[in-house]
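Report on the structure given below.
No value in this document is a laboratory result; all are computed from the given coordinates. What you see is a predicted model; the values in this text were computed from it and never measured. All Cβ positions, even for glycine, are placed from backbone atoms using ideal geometry, and neighbour counts span all protein chains on display.
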Amino acid sequence: MKVFEIPMLAMSLLGLGLLSGVDTSRTYADLTFGEPVNIESLVPAKDNIIDCFSSDGLEMYISSYNRTGGYGDWDLCVLRRASKDADWGPPENLGSTVNSSKEDSVSSISADGLSLYFNSNRPGGYGSFDIYMTTRKTKNDPWGKPVILPPPVNATGNVSDTAPWISSDGLELYFASFRAGGYGFADIYVTRRATPNDPWGLPVNLGPGVNSPTSDYFPCLSSDGLVLFFSDYMAGVRPPRPGGHGCGDMWMTRRTTLSAPWGPAVNLGPQVNGPEDNIVPRISLDGSTLYYATGIQYGVWNYFKVPIIPIVDFNGDKKVDLVDLVMLINDWGKSNSVCDIGPMPWGDGKVDIEDLKVFMTYYEKENPPARP
């Protein structure tokens with residue numbers, strides 16, 4: 001069945017009353033996860049953390065501890081590939097211009113690939129750990145000397161500001177901070193600016209719906225800016241966040257628009273959260289894949305990737321059929337709908353052709369057209 005034929009069919013079914021009795025009480029699309037796949041061949045388990053991916057998918061930045069040829073403690077490294085279908089090359093240290101003899105880790109690259117944010121406890125900072133930025137003129141140039149972000153982004157005194165994540169538009173910087181006035185031991189904050197050339201504003205705590213009385217860490221913003229993933233993690237220092245499945249768990253919070261407040265945090269569930277630490281969630285640019293680390297023992301991690309799958313069985317009858325299609329058409333143009341499943345698995349705030357495209361890929365898998 002062709003996509004342009006679907007609305008006419010669905011409206012006919014709606015006119016016949018086939019939508020009666022359908023439950024439309026949910027206001028957000030639901031997500032589930034596929035089967036996790038171990039990617040240790042890509043990132044060795046011991047003392048390596050996946051930080052971020054470039055927007056073109058050709059660079060992967062990692063934090064690596066005590067690597068041969070490094071500069072001491074944690075260093076920032078990059079893996080490259082020629083195309084999205086090619087294999088990743090070996091890790092390359094960013095060099096002594098970027099890395100110091102102290103810890104340099106947890107990086108986030110801007111959408112244009114020309115700015116890299118990270119945390120470091122090198123001498124000369126404002127606190128125990130501070131957020132730095134290094135830049136390059138083009139993607140083929142080496143990274144320059146890092147500069148520290150001044151207050152109010154970095155707090156003064158014996159305070160750690162860590163785990164930065166820059167938004168795709170470059171106007172929001174999320175990070176974890178141990179500063180006073182939060183809801184837990186470490187909270188997630190955001191600082192904003194009007195344009196990429198303006199200074200960063202006063203950091204704002206994301207509030208008790210996102211932050212907990214324990215520790216909330218490793219923020220990762222989706223490329224559309226509507227979903228924030230993070231983990232509660234401070235092993236041996238604070239207990240796990242209530243409502244989880246083990247030690248450190250991964251969570252997500254949503255907002256309907258870039259200017260809307262963040263909703264309450266939701267646990268990602270037992271498919272990806274288990275009895276051990278499950279931390280450092282990272283999302284592919286298209287929102288289809290979650291990368292994360294599972295703790296084996298201190299400093300040793302298993303790395304996994306898992307598909308993020310929208311739930312297209314809107315009425316929960318364990319079938320993807322024309323009744324679900326009618327529900328989607330009935331909600332056409334609406335916001336906060338269970339049928340808002342595209343282009344990202346969590347939707348974009350409106351039911352439209354993007355959701356229909358996603359629905360049809362799953363509908364045709366379960367209902368393949370008959371052969372002539």
Can you give me the relative contact order of the chain as a percent, contacts being Cα pairs under 8 Å and 6 or more apart?
16 percent
Would you work out the charge dipole size for the chain about its Cα centre, treating the Cβ of every Lys and Arg as +1 and the Cβ of every Asp and Glu as -1, and quote it to the nearest 20 debye?
520 debye
Distance from the stretch 253-293 to the stretch 29-72 (C-alpha centre basis), Å:
16 Å
What trypsin sites (Lys or Arg not before Pro) does the stretch 281-329 have in DSSP loop regions with at most 14 other beta carbons within 10 Å?
K318, K319
Modelled FRET efficiency - R0 25 Å, N336 with S284, Cβ distances, 0.05 increments:
0.50
When the Cα atoms of the stretch 83-154 are enclosed in a convex hull and the volume is divided per residue, what value in Å³ results?
110 Å³
With unit charges on the beta carbons (Lys and Arg positive, Asp and Glu negative) and the dipole taken about the Cα centre of the stretch 174-331, which residue among Y233, S215, N197 sits farthest to the positive side?
N197
As a check on your grasp of the helix formula, calculate [θ] at 222 nm for the chain: sum -39500 (n - 2.57) over DSSP H runs of n ≥ 4, divide by the residue count, round to the nearest 500.
-2500 deg cm²/dmol
Everything considered on the Cα gyration tensor (a ≥ b ≥ c; rounded for a/c under 1.5, else prolate if a/b is larger than b/c, else oblate), the stretch 152-276 must be described as oblate
Counting Lys and Arg as +1 and Asp and Glu as -1, what is the net charge of the other residues whose Cβ lies under 12 Å from the Cβ of Y126?
0
May I ask you to derive the FRET efficiency for K319 and K357 from their Cβ-Cβ distance with R0 = 25 Å, giving the value to the nearest 0.05?
0.80
12 Å cut-off, amide nitrogen to a point 7 angstrom out along R136 Cα→Cβ, residues in the stretch 49-66
54, 58-61
Cα extents of the stretch 47-190 along the three principal axes, largest first (Å)
47, 34, 27
Choose one of L58, V147, N302: the residue whose Cα lies farthest towards the positive end of the charge dipole of the stretch 47-309 (beta-carbon charges +1 Lys, Arg; -1 Asp, Glu; about the Cα centre).
V147
Sequence-distant lysines (8 or more away, or on other chains) whose Cα lies within less than 27 Å of K350:
K2, K318, K319, K334, K365
Would the stretch 47-309 count as rounded, prolate or oblate if I go by the C-alpha gyration tensor, calling it rounded below 1.5 in a/c and otherwise prolate when a/b exceeds b/c, oblate otherwise?
rounded
